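Let me begin by presenting the structure, written as structure tokens, before commenting on it.
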Amino acid sequence: MAKRILVACGNGIATSTVVATKIRNYLTENGIDAETTQTKLMEVPGKVSNYDLLVTTGQFGGDAHGVPYVPGMPLLTGIDEEKTLERIKEILS
């Protein structure tokens, strides 16, 4: 069964698309079946409990309802990108 990842950014469109694509490509290359859903940061608390992982490109100080959380900004900046992708793989494996 595919792992479910919630990817959130300010408006749920631009940066979350870039991050979601990088995550899916990386996980596919590493043999992990995953699906991503994009959303607005403000919608995270109401949606996150149905997911295996939360990744955000903005500041998230809300409640992730016990779902593992990984800051996604490195996937936009390229700084520590590989470390972030490894962490995501580790959580989902």
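Where does each of 33, 52 land when they are ranked from fewest to most other beta-carbon atoms within 10 angstrom? Spell out each step's value before the answer.
On the way: 33 11, 52 16.
Listing 33, 52 from fewest to most nearby Cβ atoms yields 33, 52.
Between residue 77 and residue 18, 0.36 nm times their residue separation minus their Cα-Cα distance comes to what? Let's see the in-between values first.
On the way: separation 59, 0.36 × 59 = 21.24 nm, distance 1.10 nm.
Extra length available between residue 77 and residue 18 comes to 20.1 nm.
Semi-axes of the equivalent ellipsoid for the chain, please: Cα gyration tensor eigenvalues, times 5, square-rooted, ordered largest first, whole Å. Each step should come with its number before you reach the end.
Details: eigenvalues 65, 46, 27 Å².
Working through the eigenvalues yields semi-axes of 18, 15, 12 Å.
Quick one: compute the contact order of the chain, relative version, from alpha carbon pairs under 8 angstrom and 6+ residues apart, as a percent. Kindly include the intermediate steps, with their values, before the conclusion.
Numbers: 168 pairs, mean separation 29.4, N = 93.
RCO, the chain: 32 percent.
No value in this document is a laboratory result; all are computed from the given coordinates. In this text the structure is predicted, and so the values were computed from the model without any measurement. Every residue, glycine as well, gets a Cβ built from its backbone with ideal geometry; the counts of neighbours run over all protein chains shown.
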